[in-house]
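*Asks:* What follows is a single structure, and I will ask about it in a moment.
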DNA sequence: TTAAATAAAGACAAAAATATCTTTAAATAT
DNA sequence: ATATTTAAAGATATTTTTGTCTTTATTTAA
């Protein structure tokens with residue numbers, strides 16, 4: 001057994017965040033981004049990306065439209081959409097709330113052996129994700145301060 | 001598509017941490033803990049746990065002995081074994097080092113859109129795991145301050 | 001030296017995540 | 001109306017992770 005390649009988020013979730021950021025960077029009101037365009041932009045498998053976008057539409061983070069000039073756009077104000085919402089939509093909220101050791105009966109009063117140590121980190125993570133919104137991220141990408149690609 | 005149940009660590013990794021803690025709580029020098037005992041103590045599938053323990057033995061976090069009164073024991077000083085080492089052995093170190101968005105070309109100079117925000121959290125997580133040792137954890141379990149079970 | 005107890009190793013099975021392909025539905029433009 | 005474009009939905013395939021079972025190797029004790 002070599003080791004598992006566990007990361008912070010699932011691949012689906014990473015594609016979701018990337019896709020949302022990509023769509024958010026587009027000049028608004030102009031035109032929707034199609035599946036093909038998105039998948040190419042974020043370097044993700046097209047059909048799998050489609051499934052993920054569907055989920056984001058279901059969770060009302062994206063709007064979609066069929067037909068010519070159809071595609072996806074951010075639903076609502078990018079300023080109010082957080083990374084936490086995107087992650088919650090795809091990966092669920094166990095990353096925010098689940099016991100690090102997977103124990104059922106883990107709580108403040110009945111803490112698992114790493115409960116308090118992880119709580120601080122988790123609160124940090126949660127707080128950061130709740131306060132990081134799409135608009136800010138997209139602005140920095142558009143200003144060339146951070147990058148979705150090379 | 002309902003959502004994925006992504007957590008911080010893989011199940012294998014959680015079993016590993018639990019197992020290491022359990023073994024560390026046993027009075028030292030006395031006797032080794034057998035597979036069956038460990039799996040029962042941490043409520044994990046026995047055969048799968050065996051594979052995980054093998055990996056921990058390979059990575060020199062545990063010693064094992066076959067035959068009657070065989071079993072597993074912590075290799076070396078529990079004071080110097082950190083959660084980071086256990087996690088690294090089973091889940092690898094992508095959780096410490098990998099880009100949150102899975103981008104190949106993500107670095108300080110060429111940061112992905114969430115790089116800096118996540119860096120702080122990741123450093124927090126890494127620091128915590130590197131400074132949390134088995135001995136301290138086991139002591140608190142033995143003192144009834146934290147719990148592996150109900 | 002043999003039987004029993006144990007972990008190691010390897011083959012296999014099941015479940016979940018990732019990925020693809022095909023069909024359907026809806027929108028647009030001609 | 002019809003053809004075209006697009007997303008949605010559903011079926012299927014692949015890979016990874018999780019889990020089990022069987023055989024082998026090693027140790028202990030009788």
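Just so you know, all these numbers are worked out from the coordinates, no wet-lab data involved. Predicted model, so just to flag it, every value in this text is computed and none were measured. FYI the Cβ positions are ideal-geometry reconstructions off the backbone, even for glycines, and counts take in every protein chain you see.
*Asks:* For the rotation that superimposes chain A on chain B, which residue of A has the C-beta lying nearest to the axis, and at what distance in Å?
*Replies:* Nearest Cβ to the rotation axis, residue and whole-Å distance: A:124, 3.
*Asks:* Residue A:145 to residue B:135: FRET efficiency via 1/(1 + (r/R0)^6), r the Cβ-Cβ distance, R0 51 Å, to the nearest 0.05? Let's see the in-between values first.
*Replies:* Details: r = 44 Å, r/R0 = 0.86.
Once rounded, the FRET efficiency stands at 0.70.
*Asks:* If you don't mind, another one. Just tell me how shielded A:137-143 is by partners: mean number of partner chain Cβ atoms within 10 Å of each residue's Cβ, no decimals. Show your work: numbers first, answer last.
*Replies:* On the way: counts 4, 1, 1, 4, 2, 0, 0.
Neighbouring Cβ atoms belonging to other protein chains average 2 per residue here.
*Asks:* Placing a label point 7 Å from Cα toward Cβ, how far apart in nm is residue A:68 from its equivalents in the other copies, listed shortest first to one decimal?
*Replies:* Inter-copy label distances (nm, one decimal, shortest first): 8.6.
*Asks:* To continue, here is another question. From the helices alone, meaning DSSP H stretches of at least four residues, give me the mean residue ellipticity at 222 nm for chain B, per-run term -39500 (n - 2.57), in deg cm²/dmol to the nearest 500. Write down the numbers at each step before the final one.
*Replies:* Numbers: 7 runs with 75 residues, N = 150.
Dividing the helical sum by the residues of chain B leaves -15000 deg cm²/dmol.
*Asks:* Tell me, A:110, A:69 in order of fewest to most beta-carbon neighbours within 10 Å?
*Replies:* Details: A:110 13, A:69 8.
So the residues, fewest neighbours to most, are A:69, A:110.
*Asks:* In whole angstrom, note down how far apart the Cα centers of region B:29-87 and region A:4-79 are.
*Replies:* Using only Cα atoms, the two centres lie 44 Å from each other.
*Asks:* First measure r as the distance between the Cβ atoms of residue A:120 and residue B:93, then evaluate 1/(1 + (r/R0)^6) with R0 = 22 Å and state the FRET efficiency to the nearest 0.05.
*Replies:* Details: r = 21 Å, r/R0 = 0.95.
For R0 = 22 Å, the calculated efficiency reads 0.60.
*Asks:* Please compute, for peptide B:144-150, the average count of beta-carbon atoms on other protein chains lying within 10 Å of each residue's beta-carbon. Each step should come with its number before you reach the end.
*Replies:* Working: counts 0, 3, 8, 9, 4, 5, 4.
What the average comes to for B:144-150 is 5.
*Asks:* Taking neighbour counts of Cβ atoms within 10 Å as a proxy for exposure, in what order, fewest first, do B:118, B:48 appear? Don't skip to the end; give the middle numbers.
*Replies:* Details: B:118 23, B:48 13.
Least crowded to most crowded, the residues run B:48, B:118.
*Asks:* May I ask you to report, in nm to one decimal and beginning with the shortest, the distances from residue B:40 to the same position in the other copies, taking label points 7 Å along Cα-to-Cβ?
*Replies:* 6.2
*Asks:* Using only atoms on other chains, find how many Cβ atoms lie within 10 Å of each Cβ of peptide A:63-74 and report the average.
*Replies:* Working: counts 0, 0, 0, 0, 0, 0, 0, 0, 0, 0, 0, 0.
The shielding value for this peptide is 0.
*Asks:* What is the fewest-to-most order of B:60, A:108 by other Cβ atoms lying within 10 Å of their Cβ?
*Replies:* Numbers: B:60 12, A:108 8.
Going from sparsest to densest Cβ surroundings: A:108, B:60.
*Asks:* Now, a different point. Based solely on C-alpha atoms, express the radius of gyration and the Dmax of chain A in angstrom.
*Replies:* Rg, Dmax (Cα atoms, Å): 17.4, 57.
*Asks:* Along Cα→Cβ at 7 Å, what distances in nm separate the residue A:130 label point from those on the other copies, shortest first?
*Replies:* For residue A:130, the other copies' label points sit at 2.9 nm, shortest first.
*Asks:* If I build a Gaussian network model for chain B, linking alpha-carbon pairs within less than 10 angstrom, which residue out of B:66, B:135, B:36 has the largest mean-square fluctuation?
*Replies:* Taking springs between Cα atoms under 10 Å, the residue moving most is B:66.
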